[in-house]
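Below you'll find the structure, written out as structure tokens, and then a few comments.
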Amino acid sequence: MTNMDTPPKVFVSHGSEDKQRFVEAFAHELRASRVDAWYDRWEIGPGDSMVKRIFEEGIGQAQAVVIVLSSTSVDKPWVKAELETAVVQQITTMGIQLIPIVIDQDVDVPMALRRLRWISAHDLNVAKAAAEVVAHVYNVDRRPPLGSAPAYLTRKLNLMDNAGDDAILNIIAETFAEFGPNTMIRSSLIEEKASRLGISPEAVSDSIYVLHSSGKVRGNRFAGGGWGLTGPSPLVWLGFAASRGIDLDALRVRILADVVNARSSRLDPERYGELRQVVLAVLDEFRQRGLFDVQSDLSGAIAISKVSPLAKRALDQMSSEGRHPYKA
């Protein structure tokens, strides 16, 4: 971190041909931003030792070395010498930053600099190049600020009276969302995930028993201990979807519109862009309301039959409430 009481010192290495077209204005910009730019025209007077002033007071005291590279300067002996010294100091002390600025498009960047990120200033935009150097030597974090986590990562199911049971229900739902339907998951995997939250295996076992007894989770208890879980109930999947910000009303309208409009007697859950379990939960909700029958074969295809007049009325009601049917 740069000490704000002592401005960072930057040595500007360049060829004399680039002074008027870029370097002097660039050094002025640095000083205007409280960066102590070491520029030979200001630092070396008559009778001074150029070697001593450049290598001991210039590069030797700098936090950063800016090397201005143009099509003419890359072949200058002084620039090459300063570059070699800067690279050696960077490697041996690890306390000096090396910042190349390329001001011509046809520059053959020296091999020692090619592994570094350089600043392109082909348009000779002095202010822009200086601003980048200032931000670098002052360790300015130019990344945009982090926003809030998406709602679906922070919102949780809240269906049980006991917070521990809700925590286990969340883990079970998230696990089945990851592995998909038609899966059997052992309770040992839930125990492993719950342990990261500081929940003991005994507490997990108790919660699974309560969730199973209340119909929130389906599965079977093994004779030797543990559970084989086959998934949350449709009601849980609807709560899971709502907690993740899914617009269930819109999803209901889309599915019901497809059924009523008889686009097909078979539905592909992938069509709706949501978890298959959530789509199946919506279909089960309609089935329980007596709108139609739902059957699923071994291939996972969903067959719709016995569509009731109630289905069209339900769709008309949704439409009158502003939940417009999905149009493909």
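Since every read-out is calculated from the coordinates, none of them should be taken as a lab result. Source: prediction; values computed, not measured. Neighbour counts are summed over all protein chains in view; Cβ atoms, including those assigned to glycine, are modelled from backbone coordinates with ideal geometry.
Structure notes:
- Between residue 98 and 65, the built amide H atoms are under 5 Å apart, and every one of these is 5 or more places off in sequence or on another chain.
- Amide hydrogen neighbours beyond the local backbone of residue 302, cut-off 5 Å, H modeled: 267
- Summing charges over neighbours of residue 284, with a neighbour being any other residue whose Cβ is under 13 Å away from its Cβ, gives +3 when K and R count +1 and D and E count -1.
- Residue 184-residue 321 pseudo-label distance in nm [points 7 Å out on the Cα-to-Cβ vector]: 4.0
- Sites residue 123 and residue 71, calculated FRET efficiency, Cβ-Cβ separation with R0 22 Å, nearest 0.05: 0.90
- Here residue 202 and residue 143 are evaluated by their C-beta separation; at R0 = 51 Å the FRET efficiency comes out at 0.70.
- Full-extension gain in nm, residue 295 to residue 193, via 0.36 nm per residue minus C-alpha separation: 33.4 nm
- Annotation: amide H-H contacts under 5 Å for residue 69 (H modelled 1.01 Å from N, sequence separation of 5 or more, or interchain): 101, 102, 103.
- Ordering 193-200, 100-107 by mean Cβ neighbour count within 10 Å, with the highest value first, yields 100-107, 193-200.
- Separation of the alpha carbons by more than 23 angstrom is noted, of 9/128; 19/128; 216/312; 156/216, for 216/312.
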